[in-house]
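Step one of this worksheet: look at the structure below.
The values are calculated or read from the model by the stated rules, or taken from the named source; none is laboratory data. As the structure is a computational prediction, the values presented were derived from the model and not from experiment. Ideal geometry is used to build each Cβ from the backbone, glycine not excepted, and the neighbour counts take in all protein chains shown. For accessibility, only protein heavy atoms count, side chains too; no ligands or nucleic acids. Shrake-Rupley method; radii C 1.70, N 1.55, O 1.52, S 1.80 Å.
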6 protein chains.
Amino acid sequence: MNVVVRNTPRLPDAVLDGFAAFGVATVHEAQGRTGLVAPQLRPIYSGARIAGSAVTVSLAPCDNWMIHVAVEQCRAGDILVVAPTSASDAGYFGDLLACSLAARGVRGLVIDAGVRDVRDLTTMGFPVWSRFVHAQGTVKETLGSVNVPVVCGGALVSPGDVVIADDDGVCIVPRLRAAEVARACAAREDKESGVRARLKAGELGLDIYKMRERLAERGLRYIDAPLEH
Amino acid sequence: MNVVVRNTPRLPDAVLDGFAAFGVATVHEAQGRTGLVAPQLRPIYSGARIAGSAVTVSLAPCDNWMIHVAVEQCRAGDILVVAPTSASDAGYFGDLLACSLAARGVRGLVIDAGVRDVRDLTTMGFPVWSRFVHAQGTVKETLGSVNVPVVCGGALVSPGDVVIADDDGVCIVPRLRAAEVARACAAREDKESGVRARLKAGELGLDIYKMRERLAERGLRYIDAPLEH
Amino acid sequence: MNVVVRNTPRLPDAVLDGFAAFGVATVHEAQGRTGLVAPQLRPIYSGARIAGSAVTVSLAPCDNWMIHVAVEQCRAGDILVVAPTSASDAGYFGDLLACSLAARGVRGLVIDAGVRDVRDLTTMGFPVWSRFVHAQGTVKETLGSVNVPVVCGGALVSPGDVVIADDDGVCIVPRLRAAEVARACAAREDKESGVRARLKAGELGLDIYKMRERLAERGLRYIDAPLEH
Amino acid sequence: MNVVVRNTPRLPDAVLDGFAAFGVATVHEAQGRTGLVAPQLRPIYSGARIAGSAVTVSLAPCDNWMIHVAVEQCRAGDILVVAPTSASDAGYFGDLLACSLAARGVRGLVIDAGVRDVRDLTTMGFPVWSRFVHAQGTVKETLGSVNVPVVCGGALVSPGDVVIADDDGVCIVPRLRAAEVARACAAREDKESGVRARLKAGELGLDIYKMRERLAERGLRYIDAPLEH
Amino acid sequence: MNVVVRNTPRLPDAVLDGFAAFGVATVHEAQGRTGLVAPQLRPIYSGARIAGSAVTVSLAPCDNWMIHVAVEQCRAGDILVVAPTSASDAGYFGDLLACSLAARGVRGLVIDAGVRDVRDLTTMGFPVWSRFVHAQGTVKETLGSVNVPVVCGGALVSPGDVVIADDDGVCIVPRLRAAEVARACAAREDKESGVRARLKAGELGLDIYKMRERLAERGLRYIDAPLEH
Amino acid sequence: MNVVVRNTPRLPDAVLDGFAAFGVATVHEAQGRTGLVAPQLRPIYSGARIAGSAVTVSLAPCDNWMIHVAVEQCRAGDILVVAPTSASDAGYFGDLLACSLAARGVRGLVIDAGVRDVRDLTTMGFPVWSRFVHAQGTVKETLGSVNVPVVCGGALVSPGDVVIADDDGVCIVPRLRAAEVARACAAREDKESGVRARLKAGELGLDIYKMRERLAERGLRYIDAPLEH
C-alpha cells in the first residue's frame, strides 16, 4: 500500500543548525559510529555543509513520480531523502525539481541513484549528494510512498530524522536521539580543539593519548634501519 | 581490415553550437531518451559544455597509435571519440596530443579509457570526458581504424554524429537526425522555461502537470502522522 | 612480528623537489612504465603536486593505531604511505592527524583506504590521495608496522622510496634508482618540449615521429567517405 | 549501547517451510516487490533453498566476536543474518562456526561481508549467501548487538523476520506480514502454473495477458524487414 | 518511434551449428578480435555452448514488456539478445518466459541486465548469459523495439547476427561476414590442433613459434639465480 | 631491463604438499594474517586445492608473450603467477598454454587478469585462479620479465615462494618462512580439531573460548524481547 504521510514531526531549526556546524565526521563519532550513508554517495560540488529534517521518498526504479508528490510535503529546513526500491543509475532529479524545492526552503537532496543538470544545480547553490550523475530520464508510472522509513545508501532513514551532509558524506541521526547526540558532539569538539592546539605545537599523539605503554605491552619493537655502505 | 576514412560529412558549426547551448540532459530527452554514453565517463574538470562532429577512433587496448593517425583527420569543430576494442584503464592521451588537437581547432575528447596530464589539460582548457585518469603509458604497435562506427561507453557513434558533452555526461545525436532533434530541443526548452518560472513562484508540479487525479486513481493515500505524546 | 624501523635513509630535498617538478606521468615513463599506484587512489582536491620520501605504514583493517605511531618517525620532506592488510573503506585519517603531520613538515598522505575531514584538509592545504572519502571511524587495538615494505594500491613501496603525487595519481621511485630516473626524466622533458612546440605550430605527430611508413607497411588503408546525395 | 535480545518471537516451522517452497522470486513479487537483499550477496554453492527466522547480528568491521555471542541465541529453524557497521570483505565465518550453528539446527547464514572455508561448508551442506569469499581473518575486540534491527545488503531485517534464500538471492518478509504474504504467494503460484502450461503448449503471452490492444494504443508498429537481393 | 521488425533474415541451422562447435574464443580470434560482449555477462550455469540467430530487444529500464512482444518473433534456432536503454540490475526474465521461448525452439538468452528463477532455468536446460541474477521484478508500461540494432554489453548486435555463447562469454558475428569467419575458424582450428599435439609432447612454444630470435633482438636477457649459502 | 631468471630455488615437493593439505585459510592465519591475494581472483572451477613453487611473470598489459617465455622455466611442482603491469581484463591464457604447462608438471595458474577456454581447462583439470574470464586475445610485442618479484592481486610474490590456492582464494608464503609457517599450521590444525569436536557436540564457543567474562567487562547487556499481546 502506497501512502503519503503528512505533518511528520520535525526538530526546531536551531537544533538542525547546530548539527550543520558539527559536520558529518563529528556527528557520526558522537552517536557511536552509526548512521553513515554509503561513501559512494558523493556531493555534486565541494564545500556545502547542511543539516535538515528528512522527508523520505521510496520510489520505483527509473520512476521519479513520487518526488513530485513529496515536494508538497516539504517545508523550510527539510532535506529530501530518496531511495529507489531497486538499484538504478538513472537521473531522477534536475533543475526544475530543484527550483521547486528551493522555493519551499528545502536545504538539499540525498539520493541513492542519479541526478542531472548538475551545472544548474551548482549555479543555484542547491546541494545534492548522489551515487551517480546521469542525464538518463525517468518515467512517472508507478506509485511509491512519502515519509515512510527507507534504506538509503545502506542507512535506515525515518521521516523527521536529522540529515547532516558535507564533503565527508551523509550521516543520519534518529530524531529522538538528537538532543543526546548534540551534547555528545559538543563534548567531542571541546576535547578535540584542545588536542588540536597541542598537535599543532608539535606534541605527539603518542604522548597526548598516552599510547606508549600499551604499545610496548602488546609487543611493538623499535629498531634502527641498518647502516648502508 | 583497418581503414582511415577521410572527408566524412559534418554538420555546419551553427548547428553544433546550438546543441552546446541545449546541453546533454535536454538533447537526450528531446531525441527520445537515447544516445547517452555511460555515466562512468566523467569530465576531468567542471563547467565545460561543448558540441562537435565526431571523429571516431577504434584502437587496440593499451595502444594509442591510432590517435596519432586520427589527428590528421580532425578539423575545427570536431570532437575526438576514442574506444579501445577491450576495456582498459591505461592513459592513452596527454598534453602533447591535446596541443596537436587544439592547434587544429578540435573542441574536446571523449574516451572510454584513461587519460593523463590532466593538470595541463585543465590549464589549456582542453575538455576531456574519460572513464579513468591514469598515468599508465601505452604502446604504438597495432593498427586500428579511424572514422568507422564505434561503441563508446555503450553508445553507438558514427563519424560525423553530433557529440554533446557537459557536466551531466555525453550524448550522441546521429547526424541525419540532428535537425529534427534540434527542433525538439527548442520546443522542450520553451516549455520548460514556462514551468520553471511557475515552480520558482511556488506553484507545485502536482498542479502544473495535473497529477493529482491520476495519483488518486492509482490509489495513493494521504494520511497524517500520528500525534506524539 | 611488528616493528617500527627508525632512521630509514632518505634522499636530499633537492632531489625530491626535482621529482615534483617532473610530475607523475613523466616519472612513470622515465622509469620504464613502472611504479604507478592504482588509479582508484584520487586526490581529495585538484592542483597539488608533491614529492617526498616514503614513511610506510602497514596496519590492520579499520584500525589506525599505527598512524599515530608513524607520526613520530616522520620528518620534513616525508610523505606518509598507508596500506591496510585487508581492503577497507573506513576513514583512517582526519584533520587532527593532518595537523600533527603538518607540524612536522610532512608533505602529504597516500592511503589505500578512506579519509575524512576533507573540507578541513583542503583548507589546510594538506594534500591526500585516497581510495575513499568516508567518515567511518577506526579503532586502536591491533599492532602493525612502520617503515617496512608495503603494497599500496598494487605498488610495492619501501621506506625512503620517492613518492610523487599529482592530479594524474601517484608514482613510486625506488630510492636507489632515483638519480638514474631523474636523469631520464630530464631527458624526456627536453625531448617533449621540442615536440610540443612543433605540435602547437600545427605539425603532425605522424610526421614528427615518422610514422607514415610503418603504418603503410602494416597495411593501413586510407579511403574517402562515399559521397551522399 | 550494545545488547543481546533473547527470546525474540519466531513463526512456526510449518510457516517457514511454506516460504522455502515458494522461493525468493515468488515471495518478492507476492509482497509487492519489496524485501530483496542486494544481488551482490550470492550463494557459495548452487541449489540450496531455505527459509527460517532471522537472528540478526550487528558487528564492527573486521570483528566477528558477536557471531560467537549470537550462536547461543539461535534455535532450530533460524537463519543468521550478519551485517558489519562498515563495508568489509574480510572472512567473518568459517567451518568452526558452521559446525556450531549446524549443531543447533540453524538453517544457514546471510552475511553482508566475506566467509571462508567454503569447501568445508559445501561438504557439510551448510548454505551461505555472502558478498565475498575471502580467507582474511577477523578480530574479537569490539562489542556489537544481537537481535536488533539491521540493514543487510540494503534490506531492513528485524529479529524473527522470515528469511528466504535460494539461487535467486535473499528476500525478507516482516514477521507480522508473513501470513498475508504466504496467501499471496499461493495465489500467485496458482495463477502462474496455469499460465506455464499454456506457454509450454505454445500459446503466446501476448494473447494470454491480452497485451495486443494496449501495445497498439501506445503506438507500437510492426513492419517487415526489407527484402535483400 | 518504436517498431517490431518481422521476418528478419537468418542463416541456415547448419551454419549456426558450426559456430557452436568452434566456441567463443576461436570465433573471436578468427574474426580479427572483434565482437566480444563484456565479460561481466556470465552464464547462469556451466557447460552450455550454443550458437543462434539474434532476435534483438531494446527496452526501457526495469520494464520487460518488449520481451513478451519479442517472443512472437522468435523461431527455432534463435537466441534472444536483450539490452535496456539504461543500466539496470532488475530481473527481466524468468521461468515463464523461458517456457515460452523453449516451446518455440529458442536456444538461449543474452541479456545486459538481470534474470531470476535460475534454478528453474538450470533444470530446464535453458542457458542464459546475464550481468546479474536478481529476483527484482519489472513493469510493463513503456514501449521499446524488437529487431533493431542494439548495443549489448558494449557489442553492437543486429537482428540475424550470429550469437555464439559458452563458458568464455558471448561473441557476435555479423550475419554477412559469417561464411568468411567460419572459414577462418576452421583454418585456425586446424593450425591449433597441430600445435596442441606438439605442446602435449613437451615441445616448447618458444620453438614452435620461433620466438627465440625476436626475443633476443628485443634485448631479453637470461641470468641464473644467485647461489644461496 | 627485462630479464629471465633461471634456476631459482624451490622447496621440496613434500613441503609443498603439506601446504596443500592445510589450505588457504589455515596458512593465512598461521603466518600472522598476511599473504592473501585479493578475493577478486576466483577459481574457474570449484574443488581444486593445490600448492606449488611460484614462477613469476611480469608482463605488459594485453600482451602474453612472456608467458610463453616462462613455460621453459617451469618444472614439476611449480605454479605460474602472472601479473600485468597495468590492470587488464583480457584473456592472456588458454588451453594451448595449459597443455604446455601440464606437460611439464605445472600444478596451476594464478593470474591478476583474464583467461579463456575455461571449458577445456576444466575438462583437463588444470586449475586457474583469475580476476576475469574473457575471450579477448592478447598480442606478443613487448618484453617483460620472468622470476622477478611481482605484485599479484595486491600480494608481493617472489620466485620460489609457496603458492597455496583453493576455493577460499590464494595465499603466498615466503620461501624462507615456509618451515616455520608449516609448523604453525600443524599446531593450529591440532587445536582446531579439538574445538570442532566440542562444537559439534553442542558446546558453545562462548564457553570453550571463555568469552563470557570479557563480554561482561566490556558492558554487553542481555535483555529479553518484550512480550507481545
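On inspection, D:A225 does not qualify as more than 9 Å from chain E (Cβ to nearest Cβ) and surrounded by 10 or more Cβ atoms within 10 Å (Cβ to Cβ).
May I ask you to verify whether A:V181 is of a type in the set (A, V, I, L, M, F, W, C), touching a strand residue (DSSP E or B) at 6+ places or on another chain (Cβ under 7 Å), in contact (Cβ under 8 Å) with a residue 60 or more places away in the chain and within 25 Å of D:D112 (Cα to Cα)? Spelling it out, it is not the case that A:V181 is of a type in the set (A, V, I, L, M, F, W, C), touching a strand residue (DSSP E or B) at 6+ places or on another chain (Cβ under 7 Å), in contact (Cβ under 8 Å) with a residue 60 or more places away in the chain and within 25 Å of D:D112 (Cα to Cα). Looking at this structure, is C:Q40 under 24 Å from C:A90 (Cβ atoms) and within 14 Å of chain B (Cβ to nearest Cβ)? The answer is yes for C:Q40. Taken over the stretch D:109-135, residues that are in a loop (DSSP other than H, G, I, E, B) and in contact with an Asp or Glu (Cβ under 7 Å, 6 or more places away or on another chain) amount to 4. Selection within the stretch C:23-37: residues that are in a loop (DSSP other than H, G, I, E, B) and within 9 Å of chain B (Cβ to nearest Cβ). The member of this set that is modelled with the highest pLDDT is C:G23. Among the residues making up the stretch A:22-49, those that are of a type in the set (S, T, N, Q) and closer than 16 Å to A:L109 by Cα are A:Q40, A:S46. Look at D:E213 and say whether it is more than 10 Å from every other protein chain (Cβ to nearest Cβ), more than 24 Å from E:A102 (Cα to Cα) and open to solvent by 70 Å² or more (accessible area, probe 1.4 Å). Yes; evaluated as a whole, the condition is true for this residue. Taking residues in the stretch B:87-104 that are within 16 Å of B:G77 (Cα to Cα), and partners anywhere that are assigned to a loop (DSSP other than H, G, I, E, B) and among the charged types (D, E, K, R), not one pair has Cβ atoms closer than 6 Å while being at least 6 places apart or on different chains. Would you mind stating whether E:V163 is in a strand (DSSP E or B), farther than 21 Å from E:A76 by Cα and touching a residue at least 60 places away in the same chain (Cβ under 8 Å)? So E:V163 fails the test.
Restricting the stretch F:67-109 to residues that are of a type in the set (K, R) and within 13 Å of chain E (Cβ to nearest Cβ), which is nearest to F:L16 (Cα to Cα)? Filtering the stretch F:67-109 for residues that are of a type in the set (K, R) and within 13 Å of chain E (Cβ to nearest Cβ), the one nearest to F:L16 (Cα to Cα) comes out as F:R75.
The one condition from (1) within 21 Å of E:L156 (Cα to Cα); (2) more than 10 Å from every other protein chain (Cβ to nearest Cβ) that B:S145 does not meet is (2).
Is it fair to say B:V115 is crowded, with 19+ Cβ neighbours inside 10 Å, at pLDDT 95 or above and touching a Phe, Trp or Tyr at 6+ places or on another chain (Cβ under 6 Å)? Criteria met by B:V115. The condition (being outside any strand (DSSP E or B), closer than 16 Å to D:R10 by Cβ and in contact with a strand residue (DSSP E or B) (Cβ under 9 Å, 6 or more places away or on another chain)) is satisfied by just one residue among D:V81, D:V69, D:V55, D:V106: D:V106. Restricted to the stretch D:1-58, and to residues there that are without any contact (Cβ under 8 Å) to a residue 60 or more places away in the chain and of a type in the set (S, T, N, Q), the residue that is surrounded by the fewest Cβ atoms within 10 Å (Cβ to Cβ) is D:N7. Give me the residue from the stretch B:121-142 that is open to solvent by 40 Å² or more (accessible area, probe 1.4 Å) and closer than 23 Å to B:Q40 by Cβ and, out of that set, farthest from the other protein chains (Cβ to nearest Cβ). Restricting to residues being open to solvent by 40 Å² or more (accessible area, probe 1.4 Å) and closer than 23 Å to B:Q40 by Cβ, the top hit is B:R131. Residues of the stretch B:65-87 being open to solvent by less than 10 Å² (accessible area, probe 1.4 Å) and either closer than 20 Å to B:C171 by Cα or of a type outside the set (A, V, I, L, M) (or both), which ones? Hits for the stretch B:65-87 are B:W65, B:C74, B:G77, B:D78, B:I79, B:L80, B:V81, B:V82, B:A83, B:S86.
Quick grid of which residues meet (1) open to solvent by 60 Å² or more (accessible area, probe 1.4 Å); (2) not charged (D, E, K, R):
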site: C:D161; (1), (2): no, no
site: C:D166; (1), (2): no, no
site: C:L199; (1), (2): no, yes
site: C:R218; (1), (2): yes, no
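Of note, F:V170 satisfies the criterion of being under 14 Å from F:P43 (Cα atoms), away from chain E (no Cβ under 14 Å), open to solvent by less than 10 Å² (accessible area, probe 1.4 Å) and assigned to a strand (DSSP E or B).
Taking B:T142, is it of a type in the set (S, T, Y) and in a helix (DSSP H, G or I)? Against the criterion (of a type in the set (S, T, Y) and in a helix (DSSP H, G or I)), B:T142 does not qualify.
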